[in-house]
Amino acid sequence: MLSALLPMTEQELQQQRREKWRLNGKPIRTIEEARAFVESVGLCLMYPLRPAQPLPTFIGATIGGEDRLPTWQHAYSDPRTAEATQIMVRLLRERAAFEANSFDENNGLLITASAFPYFYALVGERNPKQAPKAGSRSPYSALACDAFELIRREGPISKQKMQEALGGSISRAALDKALGELWSKLRITRVDYNPSQGSSWDVLYRWAPEAVKEGIGLSVPEALSGLISKYLESVIAAEQTELESFFGNFVPRSRVKEAVNALLAARELSFVHVGGRSMIQITPAKEAVIPAARPHRMVKRASKHTPAKT
């Protein structure tokens, strides 16, 4: 019997999420626990979004709860964010996780190393070594192109040194915008952070050549199917509109719907009733039914040493 046929209460769903997202009073304390967490959830935001998205947060996992979690706008004034940032930067340094600015450059989306090639296939450039060019139809400004060439030549390089090399007249806001253009297409990646000098950047194809190569070799349907499955592992169950809303940040919603329908047809995903909602989950494996053993019949046999009754 498939447990997918069994309904789930809203309370049960939230409890499973709290356990998975480490909001159960068991915060991340070591780099080993951080690696295990990001590998378990696949994708997580650094800080919660408003309005809320069904997605774990790294700050929540390091705090071990969900009460009064800071958004990125208030992170600077919350002393709890310092430890979370230090651990997150260590993950980036050792390439256990990668960061994308899919929602906001101040609230990175962390992707575990094993899932990152799938994400790159959806978002990244297919010819990453080709320098970007500015133009009326290009998503890159002239400053972004100059920044890319500087990072390619000098990286990893801090934003402070980048601003000095590109010219003192360039404002911090203009440089941030240019870096955001490159980052959104995974041309570059943030690889380190120093409070005195800010973030350091490198071109992604040099920082993680194997992941980029693998991502280029994946088709969009294949990558999308893999990420949808990883996302559902993390959130336990989600409505189809929630899947389309989240992945619609990376690909057209029509492609998300096609991928979900294909996974449902292949029975890799299935529906589950949660409260009054119809949601989608990864189809649980069938439980093996072991037949009960037949009771042994106790047969009394007369021993050859037992005298026969007369």
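Every number here is computed from the coordinates shown, using simple stated rules; none is lab data. No experiment lies behind these values; they were computed from the predicted model shown. Methodologically, a virtual Cβ is constructed for each residue, glycine included, from the backbone with ideal geometry; neighbour enumeration extends over all protein chains shown.
Some points to look at:
- Loop-located GluC sites (Glu not before Pro) in region 185-243, at most 13 other Cβ atoms within 10 Å (DSSP): none
- Förster radius 45 Å - calculated FRET efficiency between Ser171 and Glu258, Cβ distance, rounded to 0.05: 0.55
- Given charges at beta-carbon only (K, R positive; D, E negative), |dipole| of region 125-218 in Debye: 240 debye
- The calculated FRET efficiency for His273 paired with Thr85, based on their beta-carbon distance and R0 = 45 Å, is about 0.65.
- Cα gyration tensor, the chain - rounded (a/c under 1.5), prolate or oblate: prolate
- Taking a ≥ b ≥ c as the square roots of the Cα gyration tensor eigenvalues, region 220-282 comes out prolate, since a/c reaches at least 1.5 and a/b is larger than b/c.
- Thr9-Ser77 FRET efficiency (beta carbon distance; Förster radius 35 Å; 0.05 resolution): 0.40
- Report note on the peptides 55-61, 161-167, 95-101: ranked by the mean count of other C-beta atoms within 10 Å, highest first, their order is 55-61, 95-101, 161-167.
- Remark: relative contact order (the chain) = 21 percent; criterion is Cα-Cα distance under 8 angstrom and separation of 6 or more residues.
- Total lysine pairs in region 128-286 at Cα distances under 14 Å, for residues eight or more apart or on different chains: 5.
- Cα-based Kirkwood hydrodynamic radius, region 1-155, one decimal, Å: 17.7 Å
- Tensor-based shape of region 125-218 (alpha-carbon gyration tensor, a/c under 1.5 rounded, otherwise prolate or oblate): oblate
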